[in-house]
Amino acid sequence: MYERHNAQENRFLDSLAIFREAASFSKAENKERLLSQADVLLRSTEGLAFLYQSIPQMNESGLFEGSSWRDPEHLVPYLVGGTLLAGYPSSTMEALSELRLLAIAEQRILYPSFSAEQAFAFLEDMVVANFELAYEDFSGEAWAQYAVGELEKIRLLFVFIREHLPLEHLEPKIADAVETLSEHRPIVVSRIKRMLAVIDRHLPLEGDGHDARRLRKFVDALYRPSPNADNHATPDEYRQWLEHAGVKALKTESYQLGEQMVSTGLVSDYQLALLRFALHNKADLVPAVLGLNAHGIADYERHQAFVAILVREFIVPANKQAVYGLARVLQRNLLSRKATWHSFNRLTRVDIHPEVEERLLRGKQPEEKATPAQLLIGGALCLLGQPLGVRQGNNPSCQSARGLSMWSRHAPGKLLNLLIDAATANNVVFRYEGALIESAKTEQGPARPFDYKLDPVSIVLIPHLDRVYGEMMKRAAVKHPGDDPHVSVNPAFYGHWIQTGFLSVYNPLAGLIESYENFVRIFYAAFHPEYNGAHHMIYPVPLGIFVTDATATMLGYHAVSLLRIERAPAGDWRAYFFNPNSEGVQNWGQGIRPSVAGKGEFHGESSLPVYQFVSRIYAFHYNALRLEGKQEDVPDEVVEKVEQLARESWGRKYIWRI
Amino acid sequence: MANRFALLGWSLPVIESMQKARLPYVVVSFPEFESYAKEHSIPFIGYRLDEFGSHSNSLALAELLRSYDVDVAVPLFEETVEWAGALNSIYRDDPRVLNRAFLFRNKAMMKRKALLGGLRVGLFEEIHNHEQAHRFLGRLNEAELQLPGEEDAWFHVKPFAAAGTIGHRFIRSSDEIDEKIKPTDFPCLAESHLTGQEFSCEAFIHRGKIRFLNITEYVKLGYSNFVPAGPELEAKRALIHTEIQKLVDIFGIEYGMIHPEWFLAEDGHLNFGEVACRIPGGHILELASKAYHFDALLAFVVSHDPSLSDEELGQFFPPRDFTPPKYYGNVMVFPKSGHITRLEVPEELVEEAYYTDNNLVAPLGPQKIGGREGFGNHFGTVNFAGEDAGRMRELLKHYEDVPFYV
């Protein structure tokens, strides 16, 4: 083996020399060969250490020139994981890029535009943003789709980086990441849970340090929500203790666990055990276990029997997060709405279509045990309880995810009815301008692998909704040529909550951006309380936005919903919005970085200063009857500020009519 | 040493070799390459090297090259062989140099010349339509003493002047004449099927003598080959050398490199397939460079230079008694037909001790792969090196079928 490594290393050095000397026109070809050898070396500890030794020479040879990895200052920590999983040759370049950053951090490479401190910070951010990957052993079934050698490369790379980057130093950043994730309250908590699992295993959170305490709160909520839970290794043993515990102890226990769930959004196995015990033996403790306030308690008391059935039949350890969903549903008094009550009852008794069952099962972790019905009902509780917790995952389904969120908030009955149709008939039917559109009869779009890392309701509904939406867009293009198709599609798709006015910055006939000033004025006059007569918004407004990257370059289009414009605690006016694709840190360039916590956001909201938000919008619906000329009063400087941001970002890609 | 070599056509590896060796050169190629050449500081003359014919004015090209002081022309493409021949006719003041170039470009003429000189060739004829193909097969069957009900004899048709295997059709029955041969394939050469193990050589000729002979073993034509050939074929080196010298004498070749293909028949004789005088495909010269520790591309160029003494020439070649210590082989990777989305280098390859490197390109996105024409369009090459020819053969065979794109 030793000789083999030696031979590989010598060959690599030869190729590196050839690459360095190569004529400009044969660099590319020699680079491919060099990379293929680096790829072999990355698969062993010795090879990796050797590459790290050679990284300064590789860097000097121009290996990173002409690639996306050229400038360290333009790299994005949270994109590293996806690139590492993208397979050769991207994964190999990415790994070498990390080795270069480590060499910069350890001052083995001097970079004028990127300091050792910056490199360290990048690596820390990178490990935190890719935390699960950094500690994964890749033994789970979910990794079976990846090539073994590719995963081994990733594992060895992180082992290597971790040796150079003590985990303890990462505590503040990890705590930030966990808190942000928790504050944003996604329905699917697998990411935060995987992070907490790693922290529990690898990070001794002893001592009274500030960050250790911040992290301990979450780790405890998940693994040992109370001293009594900590004393009992399994929920079963804990349950036996509950049987014999005194009233006072039970009460303390219930409040403690309930509060932890409310403050973290996380449900532990112990809490599910406690809830079941309480429902069976001490119903008066249930509100405490669920962390309910007076509104929630009233609804619980009214629907006690139904709640007991839901928990007993449909909530199991695999979908225990539904306990939080249930608590939120009770808080929202949803079961006391007739339409919701009946549709939810009906949902619990449906025969699920075999194809839908299959999809539901694909969405859970292979090692978890739950029936399709449990997944469906648990998922419905979660979506109704957390309307802003929907995410689109890696699916290009922002429009549909936005619909689910809006219906969950404003039309839970409609949502449940759609869900019943999709679950039983594997079909949904919508109206569009007098004609019916059935998802089952529409042509499927381009084959794209569906990302199943979604909540169960999304797994069931999104494919149908996407098809219906696509079909509506197709028909709109034929029926209303020259018009923006959203004008007719949005009301048909989302429902009558969509306002009748519509504005877009783009004139498709002329191919120009036009009347931008008017666009901005009307936006402010319609939604901003300082200019609309001090009114709050009533329904969410679906908006089209230009997505831009960290250099403010346009990347594409995206759908979000504006929820409210209000003063943040710090006093500035902020737009609070729902973004179905708000995982990870976002940087839209020009200093525009949506925040998800700490700036007055409710769980699940994103926010930006209003002018920054407006600068990315390209279309919105509004109510023309309520403008009453208020747009004229919007000050010029407000409009100019927005227009400048727009022109210098996505606007660079378009022609503007002056 | 030549004042300056004119490289006709386009080959970046050759240009790189010339740059490294600091030999004077100028590239003559289509004007489309000019901006690229400028960008990379490659001395360049743009010229429309269209198919050579009676209309072609090599005197005008020679005039253009005069200011560069060119005195040796080197063809890099199949299509530039006559152009180089025409220029070298002028430089060497020998009109027959051009005639010899035609030999390489007209397969029927090539075969006739070989037959005249006593090389073993198949039955061949120039045919112009399907009917003539049927008649050719009839006569071939007759000569093979076919009885009623017996299968037809096999034969091949090839365009007169195409490179490699482009337009080559292998006909196994009279039905296939109409199925496989397209009207646009005519006129072409029909030749009876030659049996035996196919292999190719690269013979570097100077002053009419073979200075260096490389034998390449094909594992699968167009997919994989290695250098030097395995011991079985290398055992025939003396015979091969003799036959090639015979070919050189018959054709009257004085300078340059020829790339003949042969079939080693079971009776131990060699059947002559065809010969080209351009750079062979399959990265063969690169393999030869590694195996014999020299720059075969540079050797290819300087072999065209009549002014070199034997001693000067020798410096570009391995010593005459050099025995390569290792075999160097490669597999050209073609995605299998159907949809592909990404490159996946197989684990077993990375673990393989003979594996050295690859230059496979990742697809830009999902794409559909159709068939292939000639041996073009491969997605890259996987390289191997090792001491045992048997193992090399086994590996190359194996990796022809392993999917690299999924």
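Assorted remarks:
- Any hit, the stretch A:36-50, residues being within 11 Å of chain B (Cβ to nearest Cβ), of a type in the set (D, E, K, R) and touching a helix residue (DSSP H, G or I) at 6+ places or on another chain (Cβ under 6 Å): yes
- Members of the stretch A:599-658 that are among the polar types (S, T, N, Q) and outside any helix (DSSP H, G or I): A:S606, A:S607, A:S615, A:N623, A:S649
- Test set (1) within 9 Å of another protein chain (Cβ to nearest Cβ); (2) of a type in the set (V, I, T); (3) surrounded by fewer than 16 Cβ atoms within 10 Å (Cβ to Cβ) - B:T323 fails condition number: (1)
- Filtered residue count, the stretch B:359-373, keeping only those that are at pLDDT 75 or above and more than 9 Å from chain A (Cβ to nearest Cβ): 1
- Filtering the stretch A:101-142 to residues that are assigned to a loop (DSSP other than H, G, I, E, B) and among the charged types (D, E, K, R) leaves A:E106, A:R108, A:E136, A:D137.
- Apart from one condition, A:Y78 fits all of (1) touching a Gly at 6+ places or on another chain (Cβ under 6 Å); (2) within 11 Å of chain B (Cβ to nearest Cβ); the exception is (2).
- Any hit, the stretch B:138-152, residues being closer than 17 Å to B:K182 by Cα and touching a helix residue (DSSP H, G or I) at 6+ places or on another chain (Cβ under 6 Å): no
- Any hit, the stretch A:241-255, residues being out of contact with any Pro (no Cβ under 9 Å at 6 or more places or on another chain), under 30 Å from A:F602 (Cα atoms) and hydrophobic (A, V, I, L, M, F, W, C): no
- A:L96 being in a helix (DSSP H, G or I), modelled with pLDDT of 95 or more, over 27 Å from A:L181 (Cα atoms) and not small (G, A, S): yes
- Taking the criterion of being charged (D, E, K, R), free of Cβ contacts under 8 Å to residues at least 40 places away in the same chain and not in a strand (DSSP E or B), the only residue of the stretch A:545-579 that qualifies is A:D572.
- Any hit, the stretch A:190-209, residues being among the basic types (K, R), within 14 Å of another protein chain (Cβ to nearest Cβ) and surrounded by 15 or more Cβ atoms within 10 Å (Cβ to Cβ): no
- Only one of A:A119, A:A147, A:A134 that is closer than 21 Å to A:G47 by Cα, buried (at least 21 other Cβ atoms within 10 Å of the Cβ) and not assigned by TED's automatic domain parsing to the domain that holds A:P387: A:A134
- Checked against the criteria, A:V307 does not count as within 28 Å of the chain's Cα centre (by Cα) and either assigned to a helix (DSSP H, G or I) or within 20 Å of A:G265 (Cα to Cα) (or both).
- The combined condition, being among the hydrophobic types (A, V, I, L, M, F, W, C), under 18 Å from A:H535 (Cα atoms) and surrounded by 13 or more Cβ atoms within 10 Å (Cβ to Cβ), is fulfilled by A:L627.
- Conditions (1) farther than 22 Å from A:S67 by Cα; (2) modelled with pLDDT under 90; (3) away from chain B (no Cβ under 14 Å): number failed by A:F160: (2)
- Listed conditions (1) at the interface with another protein chain (Cβ under 10 Å from one of its Cβ atoms); (2) crowded, with 19+ Cβ neighbours inside 10 Å are all met by A:E29, apart from (2).
- When the residues of the stretch B:275-304 are filtered to those that are touching a residue at least 12 places away in the same chain (Cβ under 8 Å) and either of a type in the set (G, A, S) or touching a Lys or Arg at 6+ places or on another chain (Cβ under 6 Å) (or both), the one that is nearest to B:T356 (Cα to Cα) is B:A291.
- B:T356 vs. criteria surrounded by fewer than 20 Cβ atoms within 10 Å (Cβ to Cβ) and either touching a His at 6+ places or on another chain (Cβ under 7 Å) or within 14 Å of chain A (Cβ to nearest Cβ) (or both): no
- Condition met for B:P306 (in contact with a helix residue (DSSP H, G or I) (Cβ under 6 Å, 6 or more places away or on another chain) and either part of a strand (DSSP E or B) or more than 17 Å from B:M110 (Cβ to Cβ) (or both)): no
- Among the residues of the stretch A:180-188, none qualifies, meaning not one is in a helix (DSSP H, G or I), modelled with pLDDT under 95 and surrounded by fewer than 15 Cβ atoms within 10 Å (Cβ to Cβ).
- Scanning the stretch A:1-52 for residues that are free of Cβ contacts under 8 Å to residues at least 60 places away in the same chain and among the β-branched types (V, I, T) turns up A:I18, A:V40.
- Of all residues making up the stretch B:82-119, the number that are touching a strand residue (DSSP E or B) at 6+ places or on another chain (Cβ under 6 Å), of a type in the set (A, V, I, L, M, F, W, C) and over 22 Å from B:F186 (Cα atoms): 5
- Criterion violated by A:L63 - all others in (1) of a type outside the set (D, E, K, R); (2) surrounded by 22 or more Cβ atoms within 10 Å (Cβ to Cβ); (3) in a helix (DSSP H, G or I); (4) over 28 Å from the mean Cα position of the chain (by Cα) satisfied: (3)
- Annotation note: Cβ proximity below 9 Å between a residue of the stretch A:61-73 that is within 14 Å of A:K31 (Cα to Cα) and a residue that is assigned to a loop (DSSP other than H, G, I, E, B) and among the charged types (D, E, K, R) (sequence gap 6+ or interchain) occurs for A:F64/A:R70; A:F64/A:D71.
- Strands (runs of 3 or more DSSP E) wholly inside the stretch B:165-219 containing at least 3 residues that are surrounded by 16 or more Cβ atoms within 10 Å (Cβ to Cβ): B:188-192, B:197-206
- Of the residues making up the stretch B:8-30, those that are within 14 Å of chain A (Cβ to nearest Cβ), buried (at least 20 other Cβ atoms within 10 Å of the Cβ) and hydrophobic (A, V, I, L, M, F, W, C) are B:W10, B:V14, B:I15, B:M18, B:V27.
- Residues satisfying the stated conditions in the stretch A:1-26, i.e. more than 8 Å from chain B (Cβ to nearest Cβ) and surrounded by 18 or more Cβ atoms within 10 Å (Cβ to Cβ): A:Q8, A:E9, A:F12, A:L16, A:F19
- Hey, A:A305 among the small types (G, A, S) and either surrounded by fewer than 20 Cβ atoms within 10 Å (Cβ to Cβ) or touching a Lys or Arg at 6+ places or on another chain (Cβ under 6 Å) (or both) or not: yes
- Answer residue from the stretch B:47-63, given it is surrounded by fewer than 16 Cβ atoms within 10 Å (Cβ to Cβ) and without any contact (Cβ under 8 Å) to a residue 24 or more places away in the chain and is farthest from the other protein chains (Cβ to nearest Cβ) among those: B:S54
The values are calculated or read from the model by the stated rules, or taken from the named source; none is laboratory data. Treat the numbers as computed from the prediction; the structure is a model and nothing was measured. Reconstructed Cβ throughout: ideal geometry from the backbone, glycine too, with neighbour counts over all protein chains shown.
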